[in-house]
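Read through the structure below, which is laid out as C-alpha cells, and then see the notes.
The values are calculated or read from the model by the stated rules, or taken from the named source; none is laboratory data. All values derive from a computational prediction rather than experimental measurement. Every residue, glycine among them, receives a Cβ derived from its backbone with ideal geometry; neighbour counts consider all protein chains shown.
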Amino acid sequence: MTADPIHIESEHVRGVVYRTAAVFTDVEFRLPSGRWIRPLAPVQWPYISDADVPGHLRRLSGEFFCLPFGGVGDIRDPAPGWERLADPPVDVPMHGPAADADWDIVDHRKDHVTLALVYPEDHVVRRVERRITLSAHAPRAEIEVRIEARRSGRFPAAFHPILRLPDAPQGLTIAADFAQGFTYPGVIEPDRMAAEPGRRFATLSDVPKRRGGTVDLARLPLGPRTEDVALMAGMRGPVRANFEAEGFTVEIDWSRDLLPHCLMWIHDRGLDAKPWNGRYRGLGVEPLAAAFDGSWNLSAGSNPLSAQGYATSIGVEPGEPVVLNCAISVAP
C-alpha cells in the first residue's frame, strides 16, 4: 500500500507523492516553450523496504518535510561551542516522524493531494497536515504544512527540496541573499568537505576553503566528490538556481518569518556507506529553523546560532496551528 504512488498533475506540473514520508517526487515542470524539465533530484537506488531505514531514505528524492528536523551526531572535531553537535544521535528517526512514517490520504484530486500524520501521544505535536497543490496557471508547485500542538513547545522544522546536480562542473548557479553564512561546525567527511569547518562567510562565491583559500559554492557541482553543509542565516529572499546549459531557473520560496534560514546540503558522491554507495548526487536547498542538523534539544535550546539572535526553532501552542509554506517554480 505505501509503495503505491499518488499521481497529481496540472497543465504545467506533474508528479507523484508516496505515503511513506509523504515524499513528492518525479516532479516535472512545463516551460512556456512546451518543454518538460525535471529540476529535482531523482530516486537513485531501488526502493528500500527495510523498516530500519528512515522513510525518506527509502526513495530519497524530490521534496519532503522534516519535523523535528535533524538529529544527526556523527561528526568529528566540533568547533568551539558546538560540542553537543557531536553527541550520539538522540532523535530517531532522523528528521522526525514526518520524514519517516506513512501518512494518511485526506483528499486527492487531479491537481492536489492532502495527507495527514498523527504524532505519538507523548509528542509535543499532535497532528501535521501536508497539502501539495500544482498551479493551473504556471509551472509552480505549492506546499502547505499545518502543525497542531498537544502542548506548548519548540522544535526545529524544515522543508527538504533536493535539486538535481548537472553533470558538468559549475553548471548550476545559486543566487541567495542572506545576513550571514556559516560553514558546518564540525568534520563530516575529512577528505570530501569543500569548506573549512566553523567559519563565516558573506557570499556563497567566497567561502573559506578546507585547508586554506576560498571556494565558490555559488557554482556547483565542484567536480571532486563532495559532502558538505553550509547554513545561510537571515534569508532576505528566495533561492534561485540557474541550470545554465539547460536554459531554466528554479526558484524556491517560503515563509521566512517562521523558517528564516536555508541549509545547503552539497552531496556529490560524498558518502560510501549504504545506501549511498558513493553514487548519490543532489543539492539540498532546505528552508529551516534549526541549528544545522543537530538534535531537537540543541536547536530548541541554547546554541551558537541562537546566541547570535538567529532563531533555530519554532514555537507552538495548543489551539493555535502553525502554517508553513514552500513554493517551487521554474522559468526560462
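Here's the yes/no breakdown for (1) surrounded by fewer than 18 Cβ atoms within 10 Å (Cβ to Cβ); (2) modelled with pLDDT under 95; (3) in contact with a strand residue (DSSP E or B) (Cβ under 6 Å, 6 or more places away or on another chain):
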| site | (1), (2), (3) |
| --- | --- |
| P89 | yes, yes, no |
| P93 | no, yes, no |
| A98 | no, no, yes |
| D104 | yes, no, yes |
| D107 | yes, no, yes |
| L117 | no, no, yes |
| S152 | yes, no, yes |
| A157 | no, no, yes |
| Q180 | yes, no, yes |
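Candidates in segment 46-81 are the residues that are in contact with a Phe, Trp or Tyr (Cβ under 7 Å, 6 or more places away or on another chain) and assigned to a helix (DSSP H, G or I); of these, the one that is nearest to L259 (Cα to Cα) is H56.
Here C326 fulfils each of the conditions (1) closer than 15 Å to A158 by Cβ; (2) in contact (Cβ under 8 Å) with a residue 60 or more places away in the chain; (3) not in a strand (DSSP E or B) apart from (3). For beta carbons closer than 7 Å, sequence separation of 6+ or different chains, a first residue in segment 30-45 that is under 23 Å from H56 (Cα atoms) and free of Cβ contacts under 8 Å to residues at least 24 places away in the same chain and a second that is among the small types (G, A, S) and crowded, with 16+ Cβ neighbours inside 10 Å, the qualifying pairs are V43/S61.
Hey, does segment 210-229 have a residue that's in contact with a Pro (Cβ under 6 Å, 6 or more places away or on another chain), in contact (Cβ under 8 Å) with a residue 60 or more places away in the chain and not aliphatic (A, V, I, L, M)? Let's see the steps before the verdict.
Quick first cut of segment 210-229, residues in contact with a Pro (Cβ under 6 Å, 6 or more places away or on another chain) only: 221, 223.
Cutting the leftovers down to in contact (Cβ under 8 Å) with a residue 60 or more places away in the chain gives us 221.
Filter once more, so that each one left must be not aliphatic (A, V, I, L, M): 221.
Checked segment 210-229: at least one residue is in contact with a Pro (Cβ under 6 Å, 6 or more places away or on another chain), in contact (Cβ under 8 Å) with a residue 60 or more places away in the chain and not aliphatic (A, V, I, L, M).
Note on segment 18-32: among residues that are of a type outside the set (K, R) and in contact with a Pro (Cβ under 7 Å, 6 or more places away or on another chain), the one that is surrounded by the fewest Cβ atoms within 10 Å (Cβ to Cβ) is P32. Name the residue that is surrounded by the fewest Cβ atoms within 10 Å (Cβ to Cβ), counting only residues in segment 129-150 that are without any contact (Cβ under 8 Å) to a residue 40 or more places away in the chain and over 18 Å from V330 (Cβ atoms). For segment 129-150, the residue satisfying everything is R131. Tell me, which residue of segment 4-51 that is touching a strand residue (DSSP E or B) at 6+ places or on another chain (Cβ under 6 Å) and aromatic (F, W, Y) is farthest from A136 (Cα to Cα)? That would be F24. Any idea which residue in segment 74-87 is modelled with the lowest pLDDT, counting only those that are under 9 Å from G294 (Cβ atoms) and either surrounded by fewer than 19 Cβ atoms within 10 Å (Cβ to Cβ) or in contact with a strand residue (DSSP E or B) (Cβ under 6 Å, 6 or more places away or on another chain) (or both)? Taking the candidates together, the pick is D87.
Can you work out which of the residues in segment 273-306 that are hydrophobic (A, V, I, L, M, F, W, C) and without any contact (Cβ under 8 Å) to a residue 12 or more places away in the chain is surrounded by the most Cβ atoms within 10 Å (Cβ to Cβ)?
First, the residues of segment 273-306 that are hydrophobic (A, V, I, L, M, F, W, C): 273, 276, 283, 285, 288-292, 296, 298, 300, 305.
If we keep only those that are without any contact (Cβ under 8 Å) to a residue 12 or more places away in the chain too, we end up with 273, 276.
Working: A273: 7, W276: 17.
By that ranking, first place goes to W276.
The selection criterion, being surrounded by fewer than 21 Cβ atoms within 10 Å (Cβ to Cβ), over 20 Å from the mean Cα position of the chain (by Cα) and closer than 26 Å to E83 by Cα, holds for E196.
Residues that are within 24 Å of A168 (Cα to Cα) and assigned to a loop (DSSP other than H, G, I, E, B) within segment 220-253 comprise P221, L222, G223, P224, R225, G247, listed in sequence order. The C-beta contact set for segment 82-102 (first residue part of a loop (DSSP other than H, G, I, E, B), second residue at pLDDT 90 or above and acidic (D, E), distance under 6 angstrom, 6+ apart or interchain) comprises P93/D100.
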